[in-house]
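Below is one structure, written out as structure tokens; comments come after it.
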Amino acid sequence: MMPNPLHYYRPDTITEARDLFEQLQRANQRPTYYGGGTEILTRSRLNDGDFDAVIDLKGIPELHVHEQDGSRLRFGSVLRLTELADRDLWPFLTATVDRIADHTTRGQITLGGNLFSTLPYKEALLPFLVSDSADLTVATPDGVKQRRLADVFDEELRLDPGDFLISVTVDGQEAKALAFKSFKMTRQDWIDYPLVTIGTARREDGSIRAAFSGWSSFPFTSSRVNKILSNTQKPPEERAREAVAAMPFHAVDDIHGSSEYRQFVTQYTLARMLKELEAQS
Amino acid sequence: MKSLTRPEQISFNVNGEPRDVVIYPGETLLYTLRGDALGLTGAKPGCENGDCGACTVLVNEIPVKSCMVLTPEVEDQAITTVEGLQNAPIQQAFLDHNAFQCGYCTSGFLMVGHALSQDVDNGSPERTVEWLRSNICRCTGYQEIYDAVSSVAHPNG
Amino acid sequence: MTIIGTSVPRKEAPNKVTGRARYTDDINVPGTLNAVIVPANKAHAKIVSMETEAAKNVPGVKAVITGQDVSVLCGDVTEDRPPLARDKVRYSGEPVALVVARDEMAAHRAASLVKVHWQDLPVVNTIRDALRDNAPLVHEKNGEYAVATPPVYPKKRSNIADEANVTKGDADQGMKNSDVKVHVRVSLPQIDHAAMEPRIAKAEILADGRVLLHASTQAPFEVQKLIAKYFKLNPGQVIVTAPLVGGAFGGKAAVQLEILAYLASKAVGGQMVRIVNAREGDMSTSPLGMGLEAEVTLGATRDGHLQAAQMRFYMDIGAYTDSAPRIARAIAAQCTGPYRIANVHTDVFCVYTNHTYTTAFRGFGHMPMTFAIERAMDELAHTLHMDPLDLREMNAIRPNDVTPTKARLTRSNLGDLPQCIEKMRPLIDWNGGKVQSVGAHRVRVQGVAAFWKTSSSPPNAVSGALVTMNSDGSVNLSTGAVEFGPGTKTTAAQILAEKLRIPLDRVYVHEDVNTQVDPEHWKTVASLSTYMVGRAVVDAANDLIGQLKSLAAAVLRCSPDDLDYGEEKIFVRDDPSISIKFSDLALGYKYKEGDSIGGQLMGRGRFIIRHLNLLDEETGHGRPGPAWTVGIQAVEVEYDEETHQYRILKAATVLDAGRVINPAVAAGQVMGGMNMGLGVASREGVHYDAQGQFLNQQFRSYKVMRMGEQPQQYLVEFVENPQLDSPFGARPIGEHAVLAIGAALANALSRAADVSLNTLPITPEQIWRERGARL
Ligand SMILES: Cc1cc2nc3c(=O)[nH]c(=O)nc-3n(C[C@H](O)[C@H](O)[C@H](O)COP(=O)(O)OP(=O)(O)OC[C@H]3O[C@@H](n4cnc5c(N)ncnc54)[C@H](O)[C@@H]3O)c2cc1C
Ligand code: FES
Ligand code: FES
């Protein structure tokens, strides 16, 4: 057990944080933003990080926002997963984040840290991926900017280097109108990375969207798959089978499960979710 | 802005006492607690990776894996370690239910159990299981630990 | 007295719930240096050269040691393991260098700067790879190594490190006489002990030549002997201290970090050096539990009487032998499980691979062995359409039978399996193993499996106890058994209190073990502590009582034969009013005039195992342990036929404990054992990639049971048929609940899923695969 070779900074304002990042870079340091630290510290102790300074974002009030802000639900990026669940502003988000890691660790992991995790899973992203209205509030050198999630998401949320997430918002109406299911499937254990975690939502028009984590090395949603899932002419089992066949990426093969098994699990899970979703309405 | 780039003194409250300790900017709370200055070795390193919970302490009453926190993060906060439990009911419950063997995981489980029993909506078997899943015990059958925590967190079933 | 058979808390319990219990790393001397291992990142490769300059130049670094600096070879049977790899590495994670520095930060930084130039060698990644013709050799010198403790029969120019065979009767003929035969192949991965306290050792060499070692070990006396032997020291010079140990499970009986700590201290002029495993190293660098591939053929008559057994066991021992040959012999000796089989032939092979090396694991090979035989028993029951419990009861081994190695069994040295089985039926509400539907795609099934085990200890294993008196008549108890959870010290204290007829709280145990002051105890393994330490304690108690009586006899002017004792007094048997308190004798008796006689009273007790012998090379015959503990285990599972997920509803054990000394602690041991065995069977196992890299060296990926995954209900009962030569008749029970519960799970699930589940761990994916992997 030993101290990590890291410098520690805790700015008080957004501007201070954003400027600090550049200052440190200019001084040839390798800064990284620090949310809950659960990933940074696990990587640091294994010498697997390209950083030597952490900028702890938890001192900035705007990043703690957790509210219904006009018509939008706003989630600050340093909110802990347990805070999200306890407040339960968006039950879909609660259901998803409540299955990440374990309870104590969820009290440490932040929303921003999960969304920007370097691991393949980023399960907290799933509800935002299936919604139409998700926006990111981002700190940039030119001040605070809004970005549509759809515009910055390409296998991961791509911000410009040095930018960081202040908060995420979704339209309150949309969030409320979505009937949802979130299922996390693991190899065997309750606490584990997912074989596949699926977030599905049914809109008022009956169409269905699903987002997947664990299936490939990044979370995704696919319009083709969504279309298949929305075809209520066909029974859920058949839609699930077709959806699995139509996935845009190969299922990964790793110590949690083989590629074929992931397909099997995804298929029966999707079928179940469809049944439950459609039974609800 | 707070910045730490070399060993420096910071203050926090440990087990009800204000303490000033010189720390490295990158040291974990687990390291600080167990170090010579505080000597609180009740929190155990079992993985230092957030997985086992043997290092769990309370920060402002909330259970936290102390190997996954940098000490500068908890500046001015209130830390409770197992050494700070003063005849808490959870301790007697662990004795009564034989809730340990080697004892290495015990401090961590005690802290989670204690926090749960203090939590406003403690009280359900599901919640107890969910909180206790955060920790690993390799010796017991878990039932003993569950029974001990339940007896304090939701004594009426 | 009622101390025996009473649930008493562990002596150290209050310390464990207050954070005051101290383990090895909780006590550090300021100024201690830190050593860090540089692990190999190749599973099999020649070390062409190493660059250590950059590491040595890191500020704070005191020494960098490599295999070139150390010529000793280690091993408790075959001396095949260099403490730091020389010339080549044989598993990924193997120590190739050791950095000693002022602090861990400098040591780690320096370790990351040690550069090794490798020349890759083909990786022996499976037992099959290892046994192929012209397989690459893990050890070119196999068969030429010095042997510390025979027997071991390595096969030159092969990867077979050892072979053990047992023959009883005529297995071929027995098979011919059988109406039915079943054949089962099982495959089990290597597993990790995963004690919550990672291994740690600290060493210091004093100016007077004494070597002080502090370690989380089950075998302080073994550490003492091996360090003395490897480094040509007198054993008395080497002093090993073992404080409370945070879980062990066999993994801390191996001696590894202690050697490195000694080397590190030696390299820095004898300063205190600490070396502690991170979890990753504890899994991949320090030894694991073996993997196993086995084939079992059982022959039986149509009505279910076993006639013959033929078995082959291939142990994946990894890169070095450590205790594998002993484990191989234990498997051979108990290969039939607790059944009477007249004709047996069994071969056990220790196979070298480029996997992490292995050592004892709770049950000493009996857990994987039991899995093989108990899967075969269930297949046999299935083939014969018999109730699996009836089949086991009918074939249960009984007094006057002989074991596969022809050791004779008696009511004393063998527990009563049929009685255990009778008790199990109502306990689990046994339904014959029928598959019961409980809703759409859901079935409930029960499965059973039986076990037996003996100690497989060396025939000269010793134990001792020392009891000294305090001025108030209370006693101190010193033994050489380490405390890692099973309440060993408390049990010893209970036995002493019972014998001295004093309350338990009048016995103070010496919690740490210190090889210089505590009497020798072979190793705290094999569940033998109650028996061996217990016997020594009884001997010490008798010695002390003798001393109390003879001093009292002088004072009370009578013969010691006239005296009896109780309530901390020695009194005249026919007139108890004539008495003297223990406290008046403890430190000698002082007459009114002031002159005194006696001095401090201290009881000495010792014990040595008797009547054991090494197994004969040809036939394998011999007596491997003092007694066989037996038991039956059962599970009830609910299985989903669609998803292949399952939930363990009940897990039950009935074992013959001889006499239960501490019921609550015993039940705890059994529940913990079941939980571990079920974890092993349902989720555990090391994953290696195609290059032999260890993939899951964290709890994030090496999954063990967590809260909520344990059986919904544990059922534990004991039967008590005393082992006559053991204190109060107590039989060893510490390891046993781990042994057959995994097989019981596999048996239940095989019925539920209607497919043979012979590969561990049984994950839903594994079941799905066996069922044909249909989408
Ligand atoms: C015991 C344990 C179990 C786990 N199990 C799971 C699991 O089941 N499923 C799963 O998905 N993950 C799991 N994880 C991984 C976990 O998801 C990540 O460690 C976590 O999401 C990181 O969040 P954090 O707040 O701690 O982030 P940090 O470690 O602080 O940061 C992670 C990354 O996000 C960046 N970042 C943080 N905040 C922001 C921001 N506001 N803007 C931009 N970038 C930012 C950081 O720079 C860093 O690169 C587990 C982790 C642990 C310790
Ligand atoms: S040591 Fe912190 S969780 Fe294991
Ligand atoms: S009591 Fe040993 S790990 Fe829990």
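The values are calculated or read from the model by the stated rules, or taken from the named source; none is laboratory data. A quick note: this is a predicted structure, and the numbers were derived from the prediction, not measured. Every residue, glycine as well, gets a Cβ built from its backbone with ideal geometry; the counts of neighbours run over all protein chains shown. These accessible areas exclude ligands, DNA and RNA; they are computed on the full protein's heavy atoms, side chains included. Shrake-Rupley method; radii C 1.70, N 1.55, O 1.52, S 1.80 Å.
The table below lists the values:
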{"read-out": "Kirkwood hydrodynamic radius of the stretch A:104-161, Cα pairs, Å", "value": "12.4 Å"}
{"read-out": "Charge dipole (the protein assembly as shown, unit charges on Cβ, about Cα centre) - positive-most of C:Met196, A:Leu111, C:Pro626", "value": "C:Pro626"}
{"read-out": "Å³ per residue enclosed by the Cα convex hull of the stretch A:26-71", "value": "115 Å³"}
{"read-out": "Amide proton proximity set for C:Val138, modelled H, under 5 Å, gap of 5+", "value": "none"}
{"read-out": "Probe 1.4 Å, accessible area per residue of chain C, Å²", "value": "33 Å²"}
{"read-out": "Per residue accessible area in Å² of the stretch A:62-174, where ligands, DNA and RNA are left out and the probe is 1.4 Å", "value": "35 Å²"}
{"read-out": "Peptide ranges A:105-116, A:27-38, C:193-204 listed from the most packed, as the mean C-beta count within 10 angstrom indicates", "value": "C:193-204, A:105-116, A:27-38"}
{"read-out": "Accessible surface of chain C [probe 1.4 Å, protein heavy atoms]: carbon and sulfur percent", "value": "48 percent"}
{"read-out": "Three-way shape call for chain A based on the alpha-carbon gyration tensor, with the a/c threshold at 1.5", "value": "prolate"}
{"read-out": "Chains B and A, summed buried accessible surface - 1.4 Å probe, Å², nearest 100", "value": "2800 Å²"}
{"read-out": "Estimated translational D of the stretch A:1-137 in µm²/s (Stokes, Kirkwood radius over Cα pairs; 25 °C; 0.890 mPa s)", "value": "155 µm²/s"}
{"read-out": "Value of [θ]222 nm, deg cm²/dmol, for chain C, DSSP H segments ≥ 4, -39500 (n - 2.57) each, nearest 500", "value": "-7500 deg cm²/dmol"}
{"read-out": "Prolate/oblate/rounded label for the protein assembly as shown (Cα gyration tensor, a/c 1.5)", "value": "prolate"}
{"read-out": "Within-11-Å neighbourhood charge of A:Gly257 [Cβ basis; K, R +1; D, E -1]", "value": "-2"}
{"read-out": "Rel. contact order, % - alpha carbon contacts under 8 angstrom, at least six apart, the stretch A:62-174", "value": "30 percent"}
{"read-out": "Probe 1.4 Å, all protein chains present, accessible-area order of C:Arg731, A:Arg43, B:Arg6, largest first", "value": "B:Arg6, A:Arg43, C:Arg731"}
{"read-out": "For the pair C and B, total buried accessible area rounded to nearest 100 Å², probe 1.4 Å", "value": "3700 Å²"}
{"read-out": "All-pairs Cα distance distribution in the stretch B:13-157, expressed in whole percent, bin size 5 Å", "value": "2, 11, 21, 24, 19, 13, 7, 3, 0, 0"}
{"read-out": "Ranked by how many other beta carbons lie within 10 Å on average, peptides C:7-13, C:553-559 from highest", "value": "C:7-13, C:553-559"}
{"read-out": "Exposure of C:Arg279 as accessible area (Å², to 10), given a probe of 1.4 Å and all protein chains", "value": "10 Å²"}
{"read-out": "Average accessible surface area per residue within the stretch A:178-279, 1.4 Å rolling probe, Å²", "value": "37 Å²"}
{"read-out": "Charged-residue dipole, Cβ positions (Lys, Arg, Asp, Glu), the protein assembly as shown about Cα centre, Debye nearest 20", "value": "1900 debye"}
{"read-out": "Sulfur and carbon atoms: percent of accessible area, the stretch B:83-157 [1.4 Å]", "value": "45 percent"}
{"read-out": "Peptide-level mean, for A:9-22, of C-beta atoms on other protein chains within 10 Å", "value": "2"}
{"read-out": "Under 28 Å from the Cα of C:Lys176 - lysines, other chains or at least 8 residues apart", "value": "C:Lys168, C:Lys406"}
{"read-out": "Taking chain B and dividing mean pair separation by its residue count, relative contact order in percent (alpha carbons under 8 Å, at least six apart)", "value": "22 percent"}
{"read-out": "Per-residue HN-Hα couplings for the stretch C:127-132 [Karplus 6.51, -1.76, 1.60; θ = phi - 60°; Hz; x = Gly/Pro]", "value": "5, 4, 3, 5, 9, 4"}
{"read-out": "Hydrodynamic radius of chain C per Kirkwood, over alpha carbon pairs, in Å", "value": "27.4 Å"}
{"read-out": "Placed amide H near C:Asn41: partners under 5 Å, 5+ positions off or other chain", "value": "C:Gly93"}
{"read-out": "Theoretical FRET efficiency, 1/(1+(r/R0)^6), r = Cβ-Cβ of A:Ile255 and C:Asn400, R0 41 Å, to 0.05", "value": "0.25"}
{"read-out": "C:Asn15 paired with B:Glu17, simple spin-label distance in nm, labels 7 Å along Cα-to-beta-carbon", "value": "2.1 nm"}
{"read-out": "log₁₀ of I(q)/I(0) at q = 0.11, 0.13, 0.15, 0.22 Å⁻¹ - the stretch C:57-164, Debye sum with one point per alpha carbon", "value": "-0.47, -0.62, -0.76, -1.20"}
{"read-out": "Fully extended contour minus Cα-Cα distance, from B:Asp121 to B:Asp36, at 0.36 nm per residue", "value": "26.9 nm"}
{"read-out": "Length-normalised contact order for chain C - Cα pairs under 8 Å, 6+ apart - percent", "value": "15 percent"}
{"read-out": "Under Karplus coefficients 6.51, -1.76 and 1.60, residue-wise ³J(HN,Hα) of the stretch B:28-42 in Hz, glycine/proline x", "value": "7, 4, 4, 5, 5, 4, 7, x, 4, 5, 9, x, 8, 8, x"}
{"read-out": "Anchor C:Lys569: lysines whose Cα lies under 29 Å away (excluding residues fewer than 8 positions away in-chain)", "value": "C:Lys11, C:Lys489, C:Lys499, C:Lys549, C:Lys581, C:Lys590, C:Lys592"}
{"read-out": "Cα gyration tensor, the stretch A:62-174 - rounded (a/c under 1.5), prolate or oblate", "value": "rounded"}
{"read-out": "Whole-Hz couplings from phi, Karplus 6.51/-1.76/1.60, listed for the stretch A:109-121; x for Gly and Pro", "value": "5, 9, 4, x, x, 6, 5, 10, 4, 8, 6, x, 8"}
{"read-out": "Distance between modelled label sites at A:Glu22 and C:Asp472, nm, 7 Å Cα→Cβ extension", "value": "7.4 nm"}
{"read-out": "Average partner coverage of C:483-495, which counts Cβ from other chains inside 10 Å", "value": "2"}
{"read-out": "Carbon/sulfur fraction of accessible area - the stretch B:8-81, other protein chains in place, 1.4 Å, %", "value": "44 percent"}
{"read-out": "Packing-based order for C:648-658, B:91-101, using average beta carbon neighbours within 10 Å, highest first", "value": "C:648-658, B:91-101"}
{"read-out": "Shielding score for C:666-673, defined as the mean number of other chain Cβ atoms within 10 Å", "value": "5"}
{"read-out": "Other-chain or far-sequence residues with amide H under 5 Å of C:Thr321's (modelled H)", "value": "C:Asp80"}
